[in-house]
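A short worksheet on the structure shown next.
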Amino acid sequence: MKSYLVTGGAGFIGSTLCGRLLSQGHRVVILDNLDPYYDPAIKRFNLARLQALGQQRLTFIEGDLRRDADLDRTFAQGPFDLVIHLAAKAGVRPSIELPHEYNDVNVTGLLKVLEATRTRGPGRMIFASSSSVYGDGESRPLSEDLPADRPVSPYAASKRAGELYCHTWCHLYGMDITALRFFTVYGPAQRPEMAIHKFARLMTEGQEVPVFGDGQSSRDYSFIEDIVDGILAAADHLKGYQVFNLGGGRPVTLDYLVQALAKALDVNPRIVRYPAQPGDVSHTRASVEKARDLLGYRAETSIDAGLAAFVAWFKELKATR
């Protein structure tokens, strides 16, 4: 049994990861402030599932990683074998309206966690970054050796800044930190403002489904269980500072996504088209060769299979509310 600290562990990626760790018999401590960016009841739903799974091996601390007292309470639960830092202000479009808040949580908050991990142990961390750091360049597929110096939203800039701080702490203090650039993660427990969850809610309520742009923009959708596989593989290969893409490697257009989701829900969507929005990138496609070769990462789940799993969870969630 190992002991893990997972910040943001009540959220989408975090709760799925914690479920996997608990099912493997490990001890998990979650630090999460249940940010009302989306309905905290969803996070409490996730936590209830984890508590039933983990029993005495799960500790939940409701707190803010920017507050020293909350970090002290959290690290007092140690020692930890690994810190997995997933907590962040998420979302490209809201970051344009609230850049200072995104910087405060995603950069200042990260620095607080880095320092606590350095001074109180274990000196080993996985940092959740984002494919948004690549900006809207023309190089496809996106590989880790691209500059990543042209972010097009404050959210993307905050994640790139986080990567640079992680590199600095590795250089100065000899920490082992891996930054993982996630590509559009989806699946059960997905946040409600993300496209698939939002579209599903609108479709099942008979409301209009807004499609921004011409529908030919594409995303490299990554199923949550594949992403968790990648996180755990990275945890087994920590050494110095490293960066890996974790994606599906198979881009899907927006139009295809909408129709495939409608089919999985067995509904006829009411699509309304709007101009593309600022801060969005046109296409993403991950180069996953580095993660495949060094971590043994494989993205096995097709978009149709992943959507079916999401729809099953979505119906369960609706039944509880």
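The values are calculated or read from the model by the stated rules, or taken from the named source; none is laboratory data. Fair warning: this is a prediction, and the values are worked out from it, not measured in the lab. Positions of Cβ are backbone-derived with ideal geometry, glycine not excepted, and every protein chain shown enters the neighbour counts.
Pairs linking a residue in region 216-243 that is free of Cβ contacts under 8 Å to residues at least 40 places away in the same chain and within 23 Å of Arg140 (Cα to Cα) to a residue that is part of a strand (DSSP E or B) and of a type outside the set (D, E, K, R), with Cβ atoms under 6 Å and 6 or more positions apart or on different chains, are Gln216/Thr253.
Among the residues of region 214-268, those that are assigned to a helix (DSSP H, G or I), touching a Ser or Thr at 6+ places or on another chain (Cβ under 7 Å) and within 24 Å of Gly19 (Cα to Cα) comprise Ile224, Glu225, Asp226, Val228, Ala234.
So that you can scan it fast, the table gives a plain yes or no per residue for (1) assigned to a strand (DSSP E or B); (2) within 19 Å of the chain's Cα centre (by Cα); (3) farther than 23 Å from His283 by Cα:
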site: Pro147; (1), (2), (3): no, no, no
site: Ala157; (1), (2), (3): no, yes, no
site: Ala161; (1), (2), (3): no, yes, no
site: His167; (1), (2), (3): no, no, yes
site: Leu172; (1), (2), (3): no, no, yes
site: Ile177; (1), (2), (3): yes, yes, yes
site: Leu180; (1), (2), (3): yes, yes, no
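Ser132 meets the conditions (1) small (Gly, Ala, Ser); (2) at pLDDT 95 or above; (3) assigned to a helix (DSSP H, G or I) in every case but one. The failed one is (2). Somewhere in region 3-11, is a residue at pLDDT 95 or above and over 15 Å from His85 (Cα atoms)? No, the conditions are met nowhere in region 3-11.
Give region 9-38 a look and list any residue that's assigned to a loop (DSSP other than H, G, I, E, B) and either of a type in the set (A, V, I, L, M, F, W, C) or over 12 Å from the mean Cα position of the chain (by Cα) (or both), or say none. Those that are assigned to a loop (DSSP other than H, G, I, E, B) and either of a type in the set (A, V, I, L, M, F, W, C) or over 12 Å from the mean Cα position of the chain (by Cα) (or both): Ala10, Gln24, Gly25, His26, Asn33, Leu34, Asp35, Pro36, Tyr37, Tyr38. Residue-level analysis places Ala41 among those that are of a type in the set (Gly, Ala, Ser), in contact (Cβ under 8 Å) with a residue 40 or more places away in the chain, farther than 20 Å from Thr108 by Cα and loosely packed, with under 15 Cβ neighbours inside 10 Å. I'd like to check something: does region 296-317 contain any residue that is crowded, with 19+ Cβ neighbours inside 10 Å and under 30 Å from His171 (Cβ atoms)? Yes, region 296-317 contains a residue that is crowded, with 19+ Cβ neighbours inside 10 Å and under 30 Å from His171 (Cβ atoms). Return yes or no: is Leu114 modelled with pLDDT of 95 or more, under 19 Å from the mean Cα position of the chain (by Cα) and either under 13 Å from Leu5 (Cβ atoms) or among the hydrophobic types (A, V, I, L, M, F, W, C) (or both)? Spelling it out, Leu114 is indeed modelled with pLDDT of 95 or more, under 19 Å from the mean Cα position of the chain (by Cα) and either under 13 Å from Leu5 (Cβ atoms) or among the hydrophobic types (A, V, I, L, M, F, W, C) (or both). The number of residues in region 12-46 being at pLDDT 95 or above, closer than 14 Å to Thr59 by Cα and basic (Lys, Arg) comes to 1.
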